[in-house]
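Encoded as structure tokens, the structure appears first; notes follow it.
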Amino acid sequence: MTVPSYPVIRLRPKANARAIRHGFPWVYENELVTDRRTRKLDPGTIAVLEDAERQSLGLVAFNANSRIICRMLDRDPAAMIDQDWFATRLAKALSLRERLFDAPFYRLIHAEADGLPGVVIDRFGEYAVVQPNAAWADVAFEALTDALTEVTGVTTVIKNATGRARQLEGLDNETLTVRGTTPEAPIPVPMNGATYMADLTGGQKTGLFFDQRPNHAFTARLSQGARVLDVFSHVGGFSLAALAGGAASAVAVDGSEPALTLAASGAQAMGVDNKFTTRKGDAFDVLTALGEEGAQFDVVICDPPAFAPSKQALEAGLRAYERIARLAAPLVAEDGYLVLCSCSHAADLAKFRGACTRGIGRAGRQAQLLRTGFAGPDHPLMPQLAESGYLKSLFFRL
């Protein structure tokens with residue numbers, strides 16, 4: 001077997017080589033020797049990473065345009081990053097999902113935690129939506145796609161190039177169908193007894209958020225016979241699950257008319273459209289207006305976008321989470337439930353919980369914290385990488 005020839009790059013003497021040996025997957029730009037030769041390497045180049053004593057640490061993907069200048073791919077410096085290599089990783093990920101889920105609707109690849117740094121793949125039956133959020137995955141995209149169709153049998157592969165992560169890598173934002181045919185209509189997705197309509201080409205991210213699945217299920221348990229308010233609802237994530245669980249009524253609030261249209265289509269597909277209404281508008285404005293109207297609900301869920309996407313945005317983000325809790329708490333009937341969520345990895349659980357608790361207190365309510373929820377098991381956590389555990393959901397009884 002021919003051993004591939006890779007360029008060699010090296011850590012600076014003060015870089016933490018031990019952390020990388022123990023599983024940390026990233027090298028930051030200030031930890032790498034970046035001489036003239038290194039700077040000439042194209043974004044996405046595969047290289048052998050060595051410590052300052054010239055001991056090999058493994059194969060990395062290099063990108064001088066990114067603050068994360070290297071991402072660990074394989075501990076074997078002689079590994080061949082080809083279709084077979086991708087197929088092995090994909091098969092391992094697929095075996096886990098097939099054990100966990102009865103139907104092929106799930107996150108198949110969750111980036112570093114599934115051994116494909118910066119790569120996200122969501123599966124919708126015979127369709128797969130791939131987000132190659134790192135330069136190396138763009139370079140190797142054909143081999144990745146070949147392996148994906150081989151291992152899973154999907155017939156359509158959509159490359160989704162939207163999102164902040166690709167911008168940080170210096171990559172384009174072109175979304176296109178690379179295999180098969182572009183779906184002409186939203187795809188129905190069964191989950192927790194509900195039906196969601198996923199727009200795979202024009203929706204947010206990959207078209208649907210699978211990460212909240214276990215938290216949707218717990219909310220459905222709380223919602224039997226309840227009046228439900230789902231704020232930042234997207235395509236009806238919590239509200240449709242609540243209706244599937246026996247809620248008396250549900251109101252979905254979002255700023256996106258297309259998302260609310262998809263939510264209403266899901267309710268119709270479930271046969272619960274007579275119990276489902278939507279309200280378009282800014283969430284803070286709608287919560288304020290509902291408070292002024294004296295509206296009351298048995299279950300209120302607020303699942304906003306990342307208010308703190310970076311450390312620089314943390315303080316402003318925490319204030320926004322506190323304000324959401326303060327506006328939402330008065331809408332919850334006595335002994336009702338308030339579900340508050342965050343997908344900001346910069347706001348850790350303790351800080352997020354503190355902001356929510358302050359907001360509830362400022363609204364004059366007392367709370368029991370019933371449950372702390374996280375992403376489902378198709379979004380595994382890489383223990384060495386705190387950023388992979390971004391989702392938090394807090395379930396309060398007021």
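The values are calculated or read from the model by the stated rules, or taken from the named source; none is laboratory data. Keep in mind it's a predicted model, so treat the numbers as computed, not measured. Reconstructed Cβ throughout: ideal geometry from the backbone, glycine too, with neighbour counts over all protein chains shown. The protein model used for the area step is the full one, side chains on, heavy atoms only, and it has no ligands, DNA or RNA in it. Shrake-Rupley method; radii C 1.70, N 1.55, O 1.52, S 1.80 Å.
Descriptive notes on the structure:
- Cα-based equivalent ellipsoid, the chain: semi-axes from gyration tensor eigenvalues, Å: 41, 25, 17
- Set of lysines with alpha-carbon distance to residue 159 below 20 Å, sequence-local pairs under 8 removed: 205
- Loop sites in region 1-86: trypsin sites (Lys or Arg not before Pro), DSSP, at most 14 other Cβ within 10 Å: 14, 40, 54, 67, 75
- Mean Cα-pair separation over length for region 97-169, i.e. relative contact order, pairs under 8 Å, 6 or more apart, %: 25 percent
- Surface composition of region 66-109: carbon and sulfur make up 49 percent of the accessible area, probe 1.4 Å.
- Packing-based order for 256-266, 221-231, using average beta carbon neighbours within 10 Å, highest first: 221-231, 256-266
- Rg/Rh for region 250-386 stands at 0.98; both radii use Cα atoms, and Rh follows the Kirkwood definition.
- Sparsely packed chymotrypsin sites (Phe, Trp or Tyr not before Pro) within region 56-133, loop by DSSP, other Cβ within 10 Å at most 13: none
- Theoretical ellipticity at 222 nm over the chain - DSSP helices of four or more residues, -39500 (n - 2.57) apiece, nearest 500: -9000 deg cm²/dmol
- For the chain, the longest principal axis of the Cα atoms and the long axis of helix 213-222 meet at an angle of about 20 degrees.
- Which of 254, 282 is most accessible, then next, and so on - probe 1.4 Å: 282, 254
- Separation of alpha-carbon centers, region 130-209 and region 266-341, rounded to whole Å: 29 Å
- For the listed residue pairs 280/392; 311/351; 275/392, the alpha carbons are over 23 angstrom apart in 280/392; 275/392.
- Summary of the geometry: region 24-87 and region 347-398, compared by the centres of their Cα atoms, lie 35 Å apart.
- Rolling a 1.4 Å probe over the heavy atoms of the protein chains gives region 60-125 an accessible area of 39 Å² per residue.
- Placing +1 on the Cβ of every Lys and Arg and -1 on the Cβ of every Asp and Glu, with nothing else charged, gives region 38-189 a dipole about its Cα centre of roughly 380 debye.
- Diffusion constant of region 14-112 at 25 °C, which comes from Stokes-Einstein with the Kirkwood Cα-pair radius and 0.890 mPa s, µm²/s: 162 µm²/s
- Summarising the amide proton neighbourhood of residue 175: residues at separation of 5 or more, or on other chains, whose placed amide H is nearer than 5 Å comprise 161.
- Within the chain, the longest run free of GluC sites (Glu not before Pro) that sit in a DSSP loop with at most 14 other Cβ atoms within 10 Å is 185-398.
- Solvent-accessible area, 1.4 Å probe, carbon plus sulfur percent, for region 136-287: 48 percent
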